[in-house]
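The values are calculated or read from the model by the stated rules, or taken from the named source; none is laboratory data. Quick caveat: nothing in here was measured; it's all calculated off a predicted structure. Here the Cβ is made from the backbone with ideal geometry for all residues, glycine too, and neighbour counts use every protein chain on show.
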């Protein structure tokens, strides 16, 4: 009888141990499948700058706004490979947005970009950095490049005008 009680106690311990293992594995599976933090629903402090200059304010810049710097050169665009990844200022890159990457302009710098082959104009906000490149002065988001009608060629000669300087980090 004592032997039966000991065996019953050992079986209970094994079952409890199995339940702990199963529970742990289940929790690891559930939390391991959680969404990435870069796709959160509320903005981080680093994304506050994006809210300060939403795309709608880019359309409200007057044509005769003061221009602080003008540069002429080649622009390219970036899209699918970076969509959903974090930009250098902490925002989640939206390839359909109207943004740009520049080698040294600070985040939130507002630029007027003119495609010199068709005279289409768009205002963009710098939210990322790109490596310095000898043949390009800026990388535009897919959305900005589409507005400038440069998707087919992939690169365009542009006039870049600084309308508003962003704040350095």
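Could you check region 100-115 and list, in sequence order, the residues that are out of contact with any helix residue (DSSP H, G or I) (no Cβ under 7 Å at 6 or more places or on another chain) and either surrounded by fewer than 15 Cβ atoms within 10 Å (Cβ to Cβ) or more than 17 Å from residue 159 (Cβ to Cβ) (or both)?
101, 103, 104, 106 - these are the residues of region 100-115 that are out of contact with any helix residue (DSSP H, G or I) (no Cβ under 7 Å at 6 or more places or on another chain) and either surrounded by fewer than 15 Cβ atoms within 10 Å (Cβ to Cβ) or more than 17 Å from residue 159 (Cβ to Cβ) (or both).
Let me confirm something: among 100, 65, which residue is in contact with a strand residue (DSSP E or B) (Cβ under 8 Å, 6 or more places away or on another chain) and either modelled with pLDDT of 90 or more or in a loop (DSSP other than H, G, I, E, B) (or both)? Walk me through how you get there before you give the answer.
Working: 100 fails: either modelled with pLDDT of 90 or more or in a loop (DSSP other than H, G, I, E, B) (or both).
Residue meeting the stated conditions: 65.
Restricting to region 136-165, count the residues that are touching a strand residue (DSSP E or B) at 6+ places or on another chain (Cβ under 6 Å) and assigned to a loop (DSSP other than H, G, I, E, B).
3
Exactly one condition in (1) farther than 17 Å from residue 58 by Cα; (2) at pLDDT 90 or above is not met by residue 122; state its number.
(1)
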